[in-house]
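Asker: If you scroll down you'll find the structure; I have some questions about it.
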Amino acid sequence: MFEFDALYYPYGSRRTAVYGRRGMVATSQPLAAQAGLDMLKRGGNAVDAAVATAAALTVLEPTSNGIGGDAFALVWSGGKLHGLNASGPSPASLSIDAVRGLGHSTMPKYGIVPITVPGAPAAWAELSARFGRLEFSELLEPAIRYAEEGYPMSATLEFLFGYEFTKFNAMKKGPEFDGLYSTFTRDGRLPKAGELWTFPDHGKTLRSIAATRGESFYRGELAAAIDSYVRAHGGFLSASDLAAYRPEWADPISVPYRGYDIWEIPPNGHGMVALQALRILEGFDFDTRDSVETVHRQIEAMKLAFADGLHYITDPAHMKASVAGMLSEAYAAERRALIGDTALTPAPGTPPQGGTVYVAAADADGNVVSFIQSNYMGFGSGVVVEGTGIALQNRGGDFSLDPSRANALAPGKKSYHTIIPGFLTRGGEAVGAFGVMGGFMQPQGHVQVVMNTIDFGLNPQATLDAPRWQWREGTTVEVEPGFPDALAQALQRRGHNIVRAVHPFNFGRGQIVWRDPASGVLVGGTEPRTDGQVAVW
């Protein structure tokens, strides 16, 4: 188990890490965390808890994920770490020529065009079938109940609804966006904190998914509804694309870091950006967290890793660099040598060949789950299939229309993907699950969580409470409101263009659950930047 000061309160926080023994579920919404804990108390395991929590989050935090999104999972079970990639490919009819033919010079971020095959419902069913104890339909009961009976909106959700609809209201929109407004507003009015809100269409859809173990979504009535709605608005996703979809089990990838192994899902996800940055950083010694030398090196390593990731990562069938080569110590040393005393503008190297929610759950039998799902950019594409509550994701928005780019759009191809679950092991034993959601903040949040924990000995809550930075582009680094002024000024003198954010909304929202392999004691923390909770038994 990590050695840390359990009562350490950093940066004005007054919350401590939470301890338990029989089970723990940490996520960004208290009612969802309790839904997962209820499954543990019914005799379910950590996978049952994670699926129930994830399904509930599509109702309880629809501004960050939905039934029409993607998911990834790392599952520790039977003494082994398993990886599930439930991201979906582009439709078979979607091509660069088709998009250019609609008058687009770059891939649109919203609307009917960037919709890809959703993977989340398939992920729930696949995880339940392989690892779960309870009936699949039982796992979706809390989500259905909240959708049909309602729940009180939180202040955070009131803010996020306002943020999202301010964005969509400013857009020039066609009728494909009608479902967004009919589903998530009441005659154009947004929810207020404390107001009871229902989502009956979500309830009907979740009942169908529960009764068919997800089959209706891909090869049944829901697939037909999606196909009809997308076709009516000139889109590309079809019933045949949905019918052909299956999630993929993948071998997780890792790098060693100061006696631990850090694990991520392999591409098309960008977890390897975090791994590459950590591989670079392991070559330095760090004495204190809040020193200019520490943060400068973290930022520079992150920039170099992102330069490679954005250049090479895509669907693995289309990658032109090997994962092993990009994560090798020899290549890390080459990239590390580029880090000097001042900020650099990153460029990709030549490696040798070779809006999101997160759930961490653990049970008394040693199973630990790191699970993440998202529609991307809040409500995703903004296209919601009327009468179903299915908000379709916009992962295709990250494709390039330049055919020379690794992540160039092609039919049936998976795009570069931002959502990534993280996991730690030591000596072949599970240490636990961690994640920081939030688009391109995610690998940056992973690096900061790992170093706060391993290098600087912070407990899980202190790790998440600590102020964050986020590299944006070039030499620009955004820091959140609580970031120390003196440190920001010192980084500015190193050549970093420091921009101070007015609120912490863009700096990710994370959860951590660690497990002591000797005693089985669980310790967790949750994000202070949202309505997070660690539900514990």
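The values are calculated or read from the model by the stated rules, or taken from the named source; none is laboratory data. All figures in this text were calculated on a predicted structure; none of them were measured in a lab. We place every Cβ from the backbone using ideal geometry, glycine too, and count neighbours over all the protein chains shown. Keep in mind that these areas ignore ligands, DNA and RNA; they rest on the heavy atoms of the full protein, side chains included. Shrake-Rupley method; radii C 1.70, N 1.55, O 1.52, S 1.80 Å.
Asker: Kindly indicate whether any position in the range 311-327 is assigned to a loop (DSSP other than H, G, I, E, B), out of contact with any helix residue (DSSP H, G or I) (no Cβ under 9 Å at 6 or more places or on another chain) and open to solvent by 30 Å² or more (accessible area, probe 1.4 Å). Reasoning before the result, please.
Answerer: Step one: of the range 311-327, the residues assigned to a loop (DSSP other than H, G, I, E, B) are 313-315, 319-322, 327.
If we keep only those that are out of contact with any helix residue (DSSP H, G or I) (no Cβ under 9 Å at 6 or more places or on another chain) too, we end up with 314-315, 322.
With the extra rule that they be open to solvent by 30 Å² or more (accessible area, probe 1.4 Å), the set shrinks to none.
Checked against the condition, which is being assigned to a loop (DSSP other than H, G, I, E, B), out of contact with any helix residue (DSSP H, G or I) (no Cβ under 9 Å at 6 or more places or on another chain) and open to solvent by 30 Å² or more (accessible area, probe 1.4 Å), the range 311-327 yields no hits at all.
Asker: Test of understanding: among Ala301, Ala224, which residue is closer than 28 Å to Ala433 by Cα, assigned to a helix (DSSP H, G or I), at pLDDT 95 or above and small (Gly, Ala, Ser)? Spell out the reasoning first.
Answerer: Working: Ala224 fails: closer than 28 Å to Ala433 by Cα.
After ruling out the rest, the residue left standing is Ala301.
Asker: Inside the range 405-427, can you point out the residues that are in contact with a strand residue (DSSP E or B) (Cβ under 6 Å, 6 or more places away or on another chain), under 27 Å from Val383 (Cα atoms) and either of a type in the set (A, V, I, L, M, F, W, C) or not in a strand (DSSP E or B) (or both)? Walk me through it before giving the result.
Answerer: Keep residues of the range 405-427 that are in contact with a strand residue (DSSP E or B) (Cβ under 6 Å, 6 or more places away or on another chain), which gives 407-408, 417, 419-426.
Subset that is under 27 Å from Val383 (Cα atoms): 407-408, 417, 419-421.
Asn407, Ala408, Ile419, Ile420, Pro421 - these are the residues of the range 405-427 that are in contact with a strand residue (DSSP E or B) (Cβ under 6 Å, 6 or more places away or on another chain), under 27 Å from Val383 (Cα atoms) and either of a type in the set (A, V, I, L, M, F, W, C) or not in a strand (DSSP E or B) (or both).
Asker: Where the second residue is basic (Lys, Arg) and the first is closer than 25 Å to Tyr218 by Cβ and lies in the range 387-415, which pairs have Cβ atoms under 6 Å and are six or more apart or on separate chains?
Answerer: Short answer, once both residue conditions are applied: Gly397/Lys109; Ser415/Arg395.
Asker: Shifting gears a bit: Restricting to the range 161-213, name every residue that is basic (Lys, Arg) and more than 17 Å from Thr63 (Cβ to Cβ). Walk me through it before giving the result.
Answerer: Kept after step one, since they are basic (Lys, Arg), are these residues of the range 161-213: 167, 172-173, 186, 189, 192, 204, 207, 213.
Matches in the range 161-213: Lys172, Lys173, Lys204, Arg207, Arg213.
Asker: If Ala430 satisfies all but one of (1) over 23 Å from Leu81 (Cβ atoms); (2) aliphatic (A, V, I, L, M); (3) in a strand (DSSP E or B), what's the number of the condition it fails?
Answerer: (1)
Asker: Taking Phe505 as the residue in question, decide whether it is more than 30 Å from Asp341 (Cβ to Cβ) and not in a strand (DSSP E or B). Steps first, please.
Answerer: Working: more than 30 Å from Asp341 (Cβ to Cβ): yes; not in a strand (DSSP E or B): yes.
In short, yes.
Residue-wise test of (1) among the acidic types (Asp, Glu); (2) over 20 Å from Asp398 (Cα atoms).
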position	(1), (2)
Asp251	yes, yes
Arg258	no, yes
Val273	no, no
Glu282	yes, yes
Val292	no, yes
Lys303	no, no
Phe306	no, no
Thr314	no, no
Met326	no, yes
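Asker: I would also like to ask the following. Go through the range 27-73 and report how many residues are in contact with a Pro (Cβ under 7 Å, 6 or more places away or on another chain) and open to solvent by 10 Å² or more (accessible area, probe 1.4 Å). Reasoning before the result, please.
Answerer: Within the range 27-73, the first condition is being in contact with a Pro (Cβ under 7 Å, 6 or more places away or on another chain), and the residues that meet it are 35, 38, 52, 56, 67-70, 72-73.
Then keep just the ones that are open to solvent by 10 Å² or more (accessible area, probe 1.4 Å); that gives 38.
Number of matching residues: 1.
Asker: Cβ-Cβ below 9 Å, separation at least six or inter-chain, first residue in the range 139-151 and under 13 Å from Arg42 (Cβ atoms), second among the hydroxyl-bearing types (Ser, Thr, Tyr): which pairs?
Answerer: Partner pairs satisfying both residue conditions: Leu139/Ser128; Pro142/Thr53.
Asker: What is the residue count in the range 13-26 for residues that are open to solvent by 10 Å² or more (accessible area, probe 1.4 Å) and not in a loop (DSSP other than H, G, I, E, B)?
Answerer: Final tally of qualifying residues: 3.
Asker: Would you point out which residue out of Val368, Val385, Val359 is surrounded by 19 or more Cβ atoms within 10 Å (Cβ to Cβ) and over 21 Å from the mean Cα position of the chain (by Cα)?
Answerer: On the way: Val368 fails: over 21 Å from the mean Cα position of the chain (by Cα); Val359 fails: over 21 Å from the mean Cα position of the chain (by Cα).
Result of the check over Val368, Val385, Val359: Val385.
Asker: Being crowded, with 24+ Cβ neighbours inside 10 Å, out of contact with any Phe, Trp or Tyr (no Cβ under 8 Å at 6 or more places or on another chain) and β-branched (Val, Ile, Thr): is that true of Val534 here? Don't jump to the end; show me each part of the working.
Answerer: Details: crowded, with 24+ Cβ neighbours inside 10 Å: yes; out of contact with any Phe, Trp or Tyr (no Cβ under 8 Å at 6 or more places or on another chain): yes; β-branched (Val, Ile, Thr): yes.
It is true that Val534 is crowded, with 24+ Cβ neighbours inside 10 Å, out of contact with any Phe, Trp or Tyr (no Cβ under 8 Å at 6 or more places or on another chain) and β-branched (Val, Ile, Thr).
Asker: Could you tell me whether Asp402 is acidic (Asp, Glu), in a loop (DSSP other than H, G, I, E, B) and in contact with a strand residue (DSSP E or B) (Cβ under 7 Å, 6 or more places away or on another chain)? I'd like the intermediate steps shown before the answer.
Answerer: Numbers: acidic (Asp, Glu): yes; in a loop (DSSP other than H, G, I, E, B): yes; in contact with a strand residue (DSSP E or B) (Cβ under 7 Å, 6 or more places away or on another chain): yes.
When the stated conditions are applied, Asp402 passes them.
Asker: Within the range 264-298, can you find the residues that are surrounded by fewer than 24 Cβ atoms within 10 Å (Cβ to Cβ) and either of a type in the set (Asp, Glu) or assigned to a strand (DSSP E or B) (or both)?
Answerer: Selection gives Glu282, Asp285, Asp287, Asp290, Glu293.
Asker: What are the pairs with Cβ atoms under 7 angstrom where one residue, in the range 92-113, is within 21 Å of Ala170 (Cα to Cα) and the other, located anywhere, is among the polar types (S, T, N, Q) and assigned to a loop (DSSP other than H, G, I, E, B)? Sequence gap at least six, or different chains.
Answerer: Between residues of the range 92-113 that are within 21 Å of Ala170 (Cα to Cα) and residues that are among the polar types (S, T, N, Q) and assigned to a loop (DSSP other than H, G, I, E, B), the close pairs are Lys109/Asn394; Tyr110/Ser381; Tyr110/Asn394; Gly111/Ser381.
Asker: Let me ask something else. With the requirement that a residue be under 16 Å from Val359 (Cβ atoms), among the small types (Gly, Ala, Ser) and in a loop (DSSP other than H, G, I, E, B), what does the range 519-537 give you?
Answerer: Going residue by residue through the range 519-537, those that are under 16 Å from Val359 (Cβ atoms) are 522, 524-527, 530-537.
Those left that are additionally among the small types (Gly, Ala, Ser): 524-525, 532, 535.
Passing the criteria: only Gly532.
Asker: Could you check, for the range 423-433, whether at least one of its residues is surrounded by fewer than 20 Cβ atoms within 10 Å (Cβ to Cβ) and closer than 25 Å to Thr345 by Cβ?
Answerer: Quick first cut of the range 423-433, residues surrounded by fewer than 20 Cβ atoms within 10 Å (Cβ to Cβ) only: 425-429.
Okay, now just the ones that are also closer than 25 Å to Thr345 by Cβ, so none.
No - not one qualifying residue is present in the range 423-433.
Asker: What number of residues within the range 473-502 satisfy the criterion of being surrounded by 14 or more Cβ atoms within 10 Å (Cβ to Cβ) and part of a strand (DSSP E or B)?
Answerer: Total meeting the criteria: 5.
Asker: A follow-up question, please. Which one of these does Gly378 not meet: (1) in a loop (DSSP other than H, G, I, E, B); (2) open to solvent by 10 Å² or more (accessible area, probe 1.4 Å)?
Answerer: (2)
Asker: Turning to a different aspect of this structure: Return the residues of the range 503-529 that are hydroxyl-bearing (Ser, Thr, Tyr) and open to solvent by less than 20 Å² (accessible area, probe 1.4 Å); say none if nothing qualifies.
Answerer: Start the filter on the range 503-529 by keeping residues that are hydroxyl-bearing (Ser, Thr, Tyr), which leaves 519, 526.
Thr526 - this is the single residue of the range 503-529 that is hydroxyl-bearing (Ser, Thr, Tyr) and open to solvent by less than 20 Å² (accessible area, probe 1.4 Å).
Asker: Right, something else. Condition (residue is in a helix (DSSP H, G or I) and polar (S, T, N, Q)) applied to the range 45-67: is it met by at least one residue? Explain how you work it out, then say what you get.
Answerer: Residues of the range 45-67 in a helix (DSSP H, G or I): 46-60.
Add one more test, that the residue is polar (S, T, N, Q), and what stays is 53, 58.
Yes, the range 45-67 has at least one match.
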